[in-house]
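*Asks:* Would you mind keeping the following structure in view while I ask a few things?
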Amino acid sequence: MTAHQTPPFYHKFALNLLAIVLVAGIVYIAKDILMPLFFAIVLAILLLPVNNRLEKWGLPKVPSMLLSILLAIIFLAGIIWFLSSQISAFADDMPTIKKHLMDHARTAQQWISDQFGISTKQQDAAVKEATNGMKDSGTGMVGSTLFGAMQALLMVILLPLYTFLIMYYRKLIRKFFEDIFNEKHKGSVTEVMEESKSIVQGYMVGLLIEMGIVAVLNAVGFFIIGIEYAIFLAVLAAILNMIPYIGMLVATILCMLITLTTSTNISDVLWVAVILTVIQFIDNNFLMPYVVSSKVRINALVSIIGVLIGGALAGVSGMFLSIPGIAVMKAIFDRVDDLKPWGMLMGDDLSMVNPRVRKRIEKAKGSSK
């Protein structure tokens, strides 16, 4: 192949795949460093309208940034305080919870004995053996718990610092990205940065609105069936719902388990599942499309795969950041000729595969030349 010949299509495809794998590998290896930085970028973009409003009111640049970050910290601290207080109340009822668990355990043992012929002594022996195995691995669990606590503490320290520095140097960062590309690409670079900012702001604001609506719907449903800790479970499910697709499934299982420990009536557990399923249907078909997805035009298949890959690379943080990350990648791909098919694959515009629409687009391109 000579220098002036266009490389075969599979060379470009292989290079694109290699670049994606390389980026994924970097995220996996350096996730402890990159995740606080990515969260800080999202938070900085989200706080820019608040910061700009404070500056218009006459507050100097640095104090307006610090006040914006302080308001965000107060909001997050309020949610954490509420959840902590509910968990503390939950712990105070531990004797009653243990009694309910013992009642459910005896019921389950009796059912297993009737259905499968396994005596309660055999079941107790199997549970005791499993418990001993957990004790043997207790040291490792303590070590991993301490490591997780250290990571969380590091995130708490670095996140406000990163956010402030990104907001402070945002014009310098923007100038850097504009200058590293050729002059002819500066317009596209500016468009990508503006669209990325709009995507992140729209997605995060929509997600917060969705979380509030889902929390209210959950609370109303839980109060109707009369379960304990209705507000706590409603807020917990709404927060977990912020993780796309997988979050509500985890929330449903967790809420059912908590209800099982606080109620002797199995029907309460089933009603919790019914309520969360109905609200999930409302969320997926009405709230998500109109409140959240107006700025993020990503199809469901790519969204689910992206969430799973994000979780495999960086845990819960990766799952949470996967959707805005994919949306920003799509904004970039749509403006690079060799990557436009990837951007089309990520989108949800099915008109692109309609032959009539494609002919009109090709005809319009030909007439413009």
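The values are calculated or read from the model by the stated rules, or taken from the named source; none is laboratory data. Quantities reported herein were computed from a predicted structural model and do not represent experimental measurements. Neighbour counts run over all protein chains shown; Cβ positions are idealised from the backbone, glycine included.
*Asks:* Can you tell me how many residues within the stretch 48-61 are over 20 Å from VAL200 (Cβ atoms) and either among the basic types (Lys, Arg) or surrounded by fewer than 12 Cβ atoms within 10 Å (Cβ to Cβ) (or both)?
*Replies:* Matching residues across the stretch 48-61 total 5.
*Asks:* If you don't mind, there's one more thing I want to ask. Looking at ALA300, ALA331 in this structure, which one is in contact with a Phe, Trp or Tyr (Cβ under 9 Å, 6 or more places away or on another chain) and among the aliphatic types (A, V, I, L, M)?
*Replies:* Going through ALA300, ALA331 in turn, the sole match is ALA300.
*Asks:* May I pose another question? Kindly evaluate ILE209 against the criterion of being under 22 Å from VAL316 (Cβ atoms), surrounded by fewer than 20 Cβ atoms within 10 Å (Cβ to Cβ) and touching a residue at least 40 places away in the same chain (Cβ under 8 Å).
*Replies:* So ILE209 passes the test.
*Asks:* Output yes when any residue across the stretch 228-236 is touching a residue at least 40 places away in the same chain (Cβ under 8 Å), closer than 21 Å to ALA77 by Cα and hydroxyl-bearing (Ser, Thr, Tyr), and no when none is.
*Replies:* Within the stretch 228-236 (the criterion being touching a residue at least 40 places away in the same chain (Cβ under 8 Å), closer than 21 Å to ALA77 by Cα and hydroxyl-bearing (Ser, Thr, Tyr)), the answer is yes, since at least one residue qualifies.
*Asks:* Condition test on LEU301, is it in a helix (DSSP H, G or I), under 13 Å from the mean Cα position of the chain (by Cα) and not assigned by TED's automatic domain parsing to the domain that holds MET211?
*Replies:* No; evaluated as a whole, the condition is false for this residue.
*Asks:* Which one of these is more than 19 Å from TYR203 (Cα to Cα) and either at pLDDT below 90 or part of a helix (DSSP H, G or I) (or both): ILE33, ILE41, ILE45?
*Replies:* ILE33
*Asks:* Read through the list (1) surrounded by 15 or more Cβ atoms within 10 Å (Cβ to Cβ); (2) of a type outside the set (Val, Ile, Thr); (3) at pLDDT 90 or above; (4) more than 30 Å from ALA234 (Cα to Cα), then give the number of the only condition that ASN16 fails.
*Replies:* Result: ASN16 fails condition (3) only.
The rows are residues; the columns are (1) surrounded by 12 or more Cβ atoms within 10 Å (Cβ to Cβ); (2) modelled with pLDDT of 90 or more.
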position	(1), (2)
LEU66	yes, yes
ILE73	yes, yes
LEU76	yes, no
ILE79	yes, no
SER84	no, no
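Quick grid of which residues meet (1) modelled with pLDDT under 85; (2) touching a helix residue (DSSP H, G or I) at 6+ places or on another chain (Cβ under 9 Å); (3) of a type outside the set (Phe, Trp, Tyr):
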site: VAL296; (1), (2), (3): yes, yes, yes
site: ALA300; (1), (2), (3): yes, no, yes
site: MET329; (1), (2), (3): no, yes, yes
site: SER368; (1), (2), (3): yes, no, yes
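*Asks:* Does PHE13 meet the test of being in contact with a helix residue (DSSP H, G or I) (Cβ under 6 Å, 6 or more places away or on another chain) and among the hydrophobic types (A, V, I, L, M, F, W, C)?
*Replies:* Here the answer is no, as PHE13 does not meet what is asked.
*Asks:* Quick check on the stretch 289-305. Is at least one of its residues farther than 15 Å from PRO244 by Cβ and hydrophobic (A, V, I, L, M, F, W, C)?
*Replies:* No, every residue in the stretch 289-305 fails to be farther than 15 Å from PRO244 by Cβ and hydrophobic (A, V, I, L, M, F, W, C).
*Asks:* Taking ILE173 and the conditions (1) more than 24 Å from LEU240 (Cβ to Cβ); (2) aliphatic (A, V, I, L, M); (3) modelled with pLDDT under 65, which numbered condition does it fall short on, given that it satisfies the others?
*Replies:* (3)
*Asks:* Given the structure, is SER64 closer than 25 Å to LEU207 by Cα and without any contact (Cβ under 8 Å) to a residue 24 or more places away in the chain?
*Replies:* The answer is yes for SER64.
*Asks:* Any idea which of ILE231, ILE253, ILE266, ILE243 is surrounded by fewer than 16 Cβ atoms within 10 Å (Cβ to Cβ) and under 24 Å from LEU308 (Cα atoms)?
*Replies:* Answer to the check: ILE253.
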